[in-house]
């Protein structure tokens, strides 16, 4: 059983021009409902571009990757974009190996995403 420091949480920040979902803890099968609810909490007129912030993400397994794929697929079907920021070098390599880098833009920071994304 995961301790509370590793429990997954997703907080949606709608204060800026681009919605940001801050991910915390471990992205496993237990994260599915929370992550999808965070995505759905973004108003439809603001879903054109959503940033997922991995800064405080500690772990991701194959079930977590599957959830991200589900989210990316859902957004793509609605002509929306998901972008990733603050991936550790290890997570960036994992995203590349599983092919997610073909479907999402990855930025080092929020500032980079705002300057270069779109």
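What are the residues in the stretch 35-49 that are without any contact (Cβ under 8 Å) to a residue 60 or more places away in the chain and either surrounded by 18 or more Cβ atoms within 10 Å (Cβ to Cβ) or not in a helix (DSSP H, G or I) (or both), if any?
Filtering the stretch 35-49 down to residues without any contact (Cβ under 8 Å) to a residue 60 or more places away in the chain leaves 35-48.
Selection gives 35, 38, 39, 41, 42, 43, 47, 48.
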Legend entry - Residue identified as in a loop (DSSP other than H, G, I, E, B) and either touching a helix residue (DSSP H, G or I) at 6+ places or on another chain (Cβ under 6 Å) or at pLDDT 95 or above (or both) among 4, 15, 63: 15
Inset, instruction - Would you mind telling me which numbered condition in (1) under 21 Å from residue 38 (Cα atoms); (2) modelled with pLDDT of 95 or more residue 79 fails? - result: (2)
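Identify, please: which residue in the stretch 68-103 is in a strand (DSSP E or B) and touching a helix residue (DSSP H, G or I) at 6+ places or on another chain (Cβ under 6 Å) and is, among those, surrounded by the fewest Cβ atoms within 10 Å (Cβ to Cβ)?
Checking each candidate, the answer is 83.
Among the listed residues 12, 56, 28, which satisfies the condition of being surrounded by 14 or more Cβ atoms within 10 Å (Cβ to Cβ) and closer than 18 Å to residue 86 by Cβ?
Values: 56 fails: surrounded by 14 or more Cβ atoms within 10 Å (Cβ to Cβ); 28 fails: closer than 18 Å to residue 86 by Cβ.
Sole residue among the options that is surrounded by 14 or more Cβ atoms within 10 Å (Cβ to Cβ) and closer than 18 Å to residue 86 by Cβ: 12.
The values are calculated or read from the model by the stated rules, or taken from the named source; none is laboratory data. This structure is a prediction, so every number in the text was calculated from the model and none was measured. When we count neighbours, we look across all protein chains shown, and the Cβ atoms used for this are built from the backbone with ideal geometry, even at glycine.
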